[in-house]
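The structure appears right after this line, and notes come after that.
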Amino acid sequence: MMRRKLAAGRRSDETFVMTTEKALGQALTRAAQDLLSMPLRILRLQETRVTLADMPELLEDRSLLALLHGPGEGTGVLAISPPMLSALIEMRTIGRLAVQPPAPRRPTRTDAAMVADFVDVTLGALEEALSGTAELIWAGGFRYSSFLDDPRPLPLMLEDAAYRSFRFELDLGPSGQARPGSCLLVLPAEGRGRALAVERVTGELPGPAQAEARADWARRLEAAVLEAPGALNGVLARVTLPLGRVLSLAPGQTVELPSGALEAARVEGPGGRLVARARLGRQQGQRALRLDFGPEGGGGSGGGLGGGADPAELVPAPDEDVFPPWSDPGEA
């Protein structure tokens, strides 16, 4: 009996084929469950081949248009309908679906920021599901790039070529509270991830070609990283105030900072991650931070933000009428 069960299991594994439809359904379901703990069911999936001229007719009014960047400068679109967008936002902000869905509205940049990780997790799960198949050539390597709240610029931003479009009709949320929604995934029909796909799927790249492909990928990755903007915030201190006082703040009022705040500033990256500690000072008449990369600040030597300044120039400015003396920073 055990031998028959094992043999049946092996036959089932051998005959299973991961199709594009299965991979897309799994990717959406997994992203909704892993990120938002939200049940998502695929009711219907329709694939069509479209041109750039056909695309505006496929988009639901007031959909959030997430632009996708992929291999070979390829660009795609994931259009999220207003009902699906509101469900994603509600699960992200309050952890449940509202009793009544909100009225459709124009999507905002904040909406796009809140669903960007959902888009990336979905595309990553799709790539993982299709790993080892020829479909990876066109579906792999795409990630969220930016968003549009108006479809009119699309013809200027996308290449005039053939595309594969996948329209999903969905149920979002638990049974009895499920909300209908839809989304549309559009990717270039001609796959551009050939070197990556051939290496993963067949392993047939010869040694020199494989090495060159990896070196080229490393060069392109380095160039993309070095060109990416990096936002840093200089933080003197964080102060907790009653909401009533926050609402009553007006120009000219004073907010007391903790003692020593001017000499204990922080330079933070995205998400509030500490990059370095710093002191507040002045250089060439402008506010400046003197970075401290000592044992508590990240290792290395000190320097000024924005220009290789001589640390000796970053000194207190007691004579500046809007800048209190450092001898008594608690009054800042």
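Worth a mention:
- Shape of segment 111-185, Cα gyration tensor, a/c cut at 1.5: oblate
- Shape of segment 28-159, Cα gyration tensor, a/c cut at 1.5: oblate
- Added length on full extension, which subtracts the Cα-Cα distance from 0.36 nm per residue, Q46 to D149: 34.7 nm
- Loop-resident trypsin sites (Lys or Arg not before Pro) (DSSP state other than H, G, I, E or B) in segment 57-146 with no more than 13 further Cβ atoms inside 10 Å of their Cβ: R96, R105.
- Rounded accessible area per residue of segment 59-134, 1.4 Å, Å²: 43 Å²
- Averaging Cα coordinates gives a centre for segment 85-118 and one for segment 21-76; these two points are 16 Å apart.
- The phi torsions of segment 141-150, fed into the Karplus equation with coefficients 6.51, -1.76 and 1.60 and a -60° offset, translate into couplings of x, 8, 9, 4, 10, 7, 9, 10, 9, 9 Hz, rounded to whole numbers, with Gly and Pro shown as x.
The values are calculated or read from the model by the stated rules, or taken from the named source; none is laboratory data. Only a predicted model underlies this, so the values are computations on that prediction, with no experimental measurement involved. Cβ sites come from the backbone with ideal geometry, for glycine too, and all protein chains shown count toward neighbours. Just the protein is used for accessible areas: all its heavy atoms, side chains included, with ligands, DNA and RNA removed. Shrake-Rupley method; radii C 1.70, N 1.55, O 1.52, S 1.80 Å.
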